[in-house]
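The values are calculated or read from the model by the stated rules, or taken from the named source; none is laboratory data. Predicted model only: the values in this text are computed from it and were never measured. Every residue, glycine as well, gets a Cβ built from its backbone with ideal geometry; the counts of neighbours run over all protein chains shown. Quick note on the areas: whole protein, heavy atoms, side chains included, nothing else; ligands and nucleic acids left out. Shrake-Rupley method; radii C 1.70, N 1.55, O 1.52, S 1.80 Å.
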Amino acid sequence: MSLPKTLADDVARNLVMVARLLDEEPEQAYAYSRIALRLASRVAAVREAAGFASYASERYAEALAEFRATRRMTGTVDLWPVMADCERGLGRPERALEMAGAPEVHKLDKAGQVEMRLVAAGARQDMGQAEAAVVTLQSSELASNAVHPWTARLRYAYADALLAVNREPEAREWFAKALEADQNGTTDASDRLAQLDGVEFVDAFDDADEDEVADEEKSGAADASDTADDADADDIDEQDDDGADDQDEDDEDDDETDSEAPAADAAGDKDVDLTDEADPSSFLDSPFREPAPGEKD
């Protein structure tokens, strides 16, 4: 209401995109939040949205700064648990525990107090105090059979803490209770139960793809084998043809040799007079013949 209408509409559109993308695309939500922050940095709702976008994208220092600014503008303590969780994200679990014991916690509603208890238990686990994390989560809210929006997350966190201290039967029981209360699927309690029971889920589509690839590889190998066999057969045929041609050529050479041999014998039986008169060739025609006396000139 403090902005001109056109500017207010632009800021509102960016805030709507932050809300839509916060869970699935935190980086894009962060980008929209920066636009809204640039347009209206003095609006508490814009600073709060920017804080949650930074928190979802694990920019904990920026998130903590935006949440503190929102608290100064509004004077409320609703963001106290998420501010403590930012301290955890920055590697300062001791500060998160200090905030869990601050007077502001008593001003939170029931949902806020449960969130603060979850953050405190997480800080204990960060510090290696697994047993203390179990004790931190033990409360009247955990023992209640009533189902609230935060019930599934509280039971899930308690089951996870029990599993960390090797109390597996109890952990399985509380994972089952978390699954009963998880109406919106906010936790993966069903998967954790399956892991404890030794059940392994296999994606049928991935198996089908692998089988298809294996069949293609087998088909390709068979085609390659057939091609190789055909090539070997062709080589054998060519070798046979070449051998037959060579044999025919050898036979022809033998026939020619046999036909020339009688002629050579007949010529050897006659006395041939190889004189200069009988040889009409000159020295230029046959340079390897000794020239006759009259040809030197």
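Yes or no, residue by residue, for (1) within 17 Å of Leu118 (Cβ to Cβ); (2) among the β-branched types (Val, Ile, Thr):
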| position | (1), (2) |
| --- | --- |
| Tyr60 | yes, no |
| Glu66 | no, no |
| Thr70 | no, yes |
| Thr76 | no, yes |
| Leu79 | yes, no |
| Gly91 | no, no |
| Arg95 | yes, no |
| Ala102 | yes, no |
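Taking helices (runs of 4 or more DSSP H) as the structural unit, those lying wholly within segment 1-85 and holding at least 2 residues that are of a type in the set (D, E, K, R) and open to solvent by 70 Å² or more (accessible area, probe 1.4 Å) correspond to 5-21, 26-39, 60-74. For segment 174-186, a residue qualifies if it is open to solvent by less than 90 Å² (accessible area, probe 1.4 Å), in a helix (DSSP H, G or I) and charged (D, E, K, R), and exactly one does: Lys177.
The conditions of being in contact with an Asp or Glu (Cβ under 8 Å, 6 or more places away or on another chain) and under 27 Å from Pro103 (Cα atoms) are not met by Thr76. Among residues of segment 56-79 that are closer than 16 Å to Lys107 by Cβ and of a type in the set (Val, Ile, Thr), those with a Cβ under 9 angstrom from a residue that is surrounded by fewer than 18 Cβ atoms within 10 Å (Cβ to Cβ) and at pLDDT below 95, sequence gap 6+ or separate chain, pair up as Thr70/Thr76.
What do you reckon, is Gly220 at positive phi and either in a helix (DSSP H, G or I) or at pLDDT 95 or above (or both)? When the stated conditions are applied, Gly220 does not pass them. Annotation: of all residues in segment 149-173 being over 16 Å from Gln195 (Cβ atoms) and exposed (fewer than 14 other Cβ atoms within 10 Å of the Cβ), the one that is modelled with the highest pLDDT is Val165.
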